[in-house]
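Here is the structure we will look at, set down as C-alpha cells.
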Amino acid sequence: MADYSLIIIGGGLSGLAAGIRFARFGGSVLILEKHVIPGGLNSYYFRKGFLLETGLHAMTNFAEPGDKRAPLNRLFRQLKLSRHDFITHEQFSSLIHFPAGNTLRFSNDFSLLQEQIASRFPAEIDGFNSLLAVVNGYDPFTPKAWISTRVMLARFLHDPLLIDMILLPLMVYGNSEEHDMDFSQFVIMFRSIYQEGFFRPDGTMKDFLALLVDKFTSYGGEIRYSSPVESIAITDQQASHVKLAGGETITCDAVISTVGAPGTFAMLSLPRQEEKYAGRMTFVESIYILPRQTKKEVKSDHTIIFYCLSDQLQYCQPVKPVDTSWGVICFPENFQGMPPSDYFQIRITHAANYDLWKKASPLEYTAMKQEWGAKSREMSAKIIGNYEQNIVYEDSFTPITIERYTAKARGAVYGSPVKIKDGRTPCRNVFIAGTDQGFLGIVGSMLSGVSIVNQHILTDN
Amino acid sequence: MTRGEIKDVILEIIADIDEDADMDGLNPDEPLRDQLDLDSMDFLDIVMELRKRYKLQIPEADYHELATLTSCINYLEPKLKAL
C-alpha cells in the first residue's frame, strides 16, 4: 500500500484547495511545499515589523453569502468552509486611467461602469450592452477553439481607446497571452472583475492561508515545508513515488502538480517544452509604506488604478527590463470597513522582461531595481502626485523573485498561454492543477484544485 | 435502514453540504437541484458522503437516480437495507 493516496506538489492556493477537497472525504494526502511557508504566489513575509503580502492586490469574484451559484460561494461549499464566517471588505471603486483625461470608474456595482461608458463614450453604449448580452449568455467552461477577444470586441465596439480601457484590468489581472486573449478567458475575467468585483478577506493573507491549512489538517491532511520535489518516478507507465531533493522517496497512488507544465514535465523526465508552455507575461512590483497622515497628499480615493499613459496598450513582454508606460497602482488599505492603521501602502506593478533580469549580474540587478524603481515612482506620480518624500519603507520584487519562490517558469505569474484544461499529463495518474490548468486569480486557482480532484481523483474515470 | 431513516440521512447530508439550504417546503418529487439551487459539484458531495459513511460506491451512470428526494430513497433503500 502506498504511503499516501495522493501527493500534491505545491502548497499554494490550488494545492491547498485540492488537498482540502480530497482529505474531506477521508483520503490520505500529503502536500509538499518547497518554501518554508504556504501560499506560493499569494504568500507573505515580514520586514521591519511589517507583514507584507505577495501577489494579492485584491481578490476577485465578490459575492454576498447566499448567492449559491457565485464562484466564491461554490468554492466555499466545496471546501466546507462557512461563507457566513468569512468576513470580506469590498473595494471603494477603481479607476481606468488613459491619456487625455480619458477615465472610467467601476465598482462592485456594475451599473457604475455602464453609466461611465454611457457618459464618456455615448456612441458605444449600445454596442457595450450588446457585448454584455453575449457575455451573459456565454459558457466559458466548455472547451472550444481559441477565439480572439479583440476580433469579438470589434464587432460591438468601434473606439479602439474604449477597447483598450476595458481590456487593461482584465488582462493585467489574469492574461498569460500577449496582445490578445482567448474569449472564454475574457468572459471569465469580465465576470470576476466587472460583474462580481474586488474585495479582500478580513485580516491578512497569512490569516487566510492559516484558515486553509487548518481546514486541511483538521481532515487529516499532512503538509511538509522546505520539501522540494526533484522527480516523479514512473513504474509501468504510472507514477509510483516522488523523490525529494534530499533523496527521500514517498510512494503514492496519484499526483497533482501545481508547479506548472514545464516544471511538471521536468519532474517526469520529459522535455520542459518551455517554448510552448512558459508564459511571457511577468511583472515587477514595488511596495511602499507611508505614514497614514501623508495619505491626503496623494490621490488615494480609489482602491486600484489601472493606468496607461501611451496611446495604445502594449500588453506584451517589454523590450526594456520594465515598461512603465502602463501599470497598476494599488492601495491595499482602500477597502470598506478596514480597521485603521498607522501606515498605508502603495503597490505599483509593471510588465517586465524576464530575460533581461535573469542575465543581470548581482550588481547590475541591484542597480536595475533602483533605476526602474525611480522610473516607476516618477511615472506613477503623474497620476497620484508625489509621494517619494514620505516613504518610510520600500521593497520590490522582480521576475527572478517570483521564479525563486513560486516555481513559475520564467516568473510568468499567469503561467502558460496554452492551458491544459483537462489537467492531464502524458502520465495517467499525474495531473496538473493551478495556473497552467486555466483558472486564474485566487478564487479561480482554488476552483482549479477542486475541479481536478473532483474530475480525476474522486470519480474513477 | 427504513425509508424514513434514509430520508433523514439525505436531508442531513444536504444540510451539511450547504449551510444555506432551506429544507422547509421541500417537494420530495421535484428535482433537489432546482429547489435548493445546487450544482453538479454539490451532487458529487452527496455521493462522496454516502461513500464515506456507508462504503457505498455509486457509479456516475447512476447519479441521475439521486435527482429527487423520493428517487434517492428508492435508489438507496435496497443498498442500505442491511444497515
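Can you tell me the 0 to 90 degree angle between the C-alpha axis of helix A:13-23 and the longest principal axis of chain A, rounded to 10?
In chain A, helix A:13-23 runs at an angle near 40 degrees to the longest axis.
Can you give the charge dipole size of the protein assembly as shown about its Cα centre, rounded to the nearest 20 debye, using +1 on the beta carbon of Lys and Arg and -1 on the beta carbon of Asp and Glu?
Dipole magnitude for the protein assembly as shown comes out near 1440 debye.
Taking the 0 to 90 degree range and rounding to the nearest ten, how far is the long axis of helix A:441-452 tilted relative to the main principal axis of chain A, both from C-alpha atoms?
30
Among A:284, A:82, A:241, whose Cα lies farthest out toward the positive end of the dipole of chain A, if unit charges sit on the beta carbon of Lys, Arg (+1) and Asp, Glu (-1)?
The residue sitting most towards the positive pole is A:241.
Ignoring everything except DSSP H segments at least 4 long, calculate the 222 nm mean residue ellipticity for the protein assembly as shown; use -39,500 (n - 2.57) per segment, divide by total residues, nearest 500.
-10500 deg cm²/dmol
Note down the Stokes-Einstein diffusion coefficient of region A:110-196 in µm²/s, whole number, using a Kirkwood radius over alpha carbon pairs, 4 °C, and 1.567 mPa s.
D = 98 µm²/s.
Normalise the Cα radius of gyration of region A:217-367 by 2.2 N^0.38 Å (N = residues in it) and let me know the number.
Taking N as the residue count of region A:217-367, the ratio is 1.48.
Which value in Å does the Kirkwood hydrodynamic radius of the protein assembly as shown take, with 1/r averaged over all unlike C-alpha pairs and then inverted?
Hydrodynamic radius (Kirkwood, Cα pairs) of the protein assembly as shown is 24.7 Å.
Determine the dipole magnitude for region A:273-388: charges of +1 sit on the beta-carbon of Lys and Arg, -1 on that of Asp and Glu, nothing else is charged, the reference point is the Cα centre, and the result goes in debye to the nearest 20.
60
In region A:37-132, what chymotrypsin sites (Phe, Trp or Tyr not before Pro) fall in a loop by DSSP, with at most 15 other Cβ atoms inside 10 Å?
Those that pass, being in a loop and sparsely packed, are A:86.
From the cross-link list A:144/A:359; A:369/A:421; A:68/A:421; A:243/B:55, which pairs have alpha carbons spaced over 28 Å apart?
A:144/A:359; A:369/A:421; A:243/B:55
Return the distance in nm (one decimal) between the two label points of a simple spin-label model at residue B:71 and residue A:222, each offset 7 Å from Cα along Cα→Cβ.
4.2
Determine the dipole magnitude for region B:37-83: charges of +1 sit on the beta-carbon of Lys and Arg, -1 on that of Asp and Glu, nothing else is charged, the reference point is the Cα centre, and the result goes in debye to the nearest 20.
440
Of B:52/B:81; B:7/B:81; A:206/A:296; A:48/A:299; A:299/A:375; B:52/B:79, which pairs sit farther than 23 Å apart, going by alpha carbon to alpha carbon?
A:206/A:296; A:48/A:299
Taking the Cα centre of region A:110-196 as the origin and placing charges on Cβ (Lys, Arg +1; Asp, Glu -1), which of A:147, A:119, A:130 is farthest toward the positive end of the dipole?
A:130
What would the Debye formula give as log10 I(q)/I(0) at q = 0.14, 0.15, 0.20, 0.25 Å⁻¹ for the alpha-carbon point model of chain B, no solvent?
Each listed q corresponds, in turn, to -0.41, -0.48, -0.89, -1.50.
Once you put a point 7 Å from the Cα of residue A:36 and another 7 Å from the Cα of residue B:39, both along the Cβ direction, what distance in nm separates them?
3.9
In whole Hz, with x marking every Gly and Pro, tabulate ³J(HN,Hα) for region A:192-206 from phi via Karplus 6.51 cos²θ - 1.76 cosθ + 1.60, θ = phi - 60°.
Working through the residues one at a time gives 6, 9, 7, 8, 9, x, 8, 7, 9, x, 5, x, 10, 4, 4 Hz.
Bear in mind these aren't lab numbers, they're just calculated from the coordinates by the rules spelled out. Please read all numbers here as calculations on a predicted model, not as lab measurements. Heads up, the Cβs are rebuilt from the backbone with ideal geometry, glycines too, and the neighbour counts pull from every protein chain shown.
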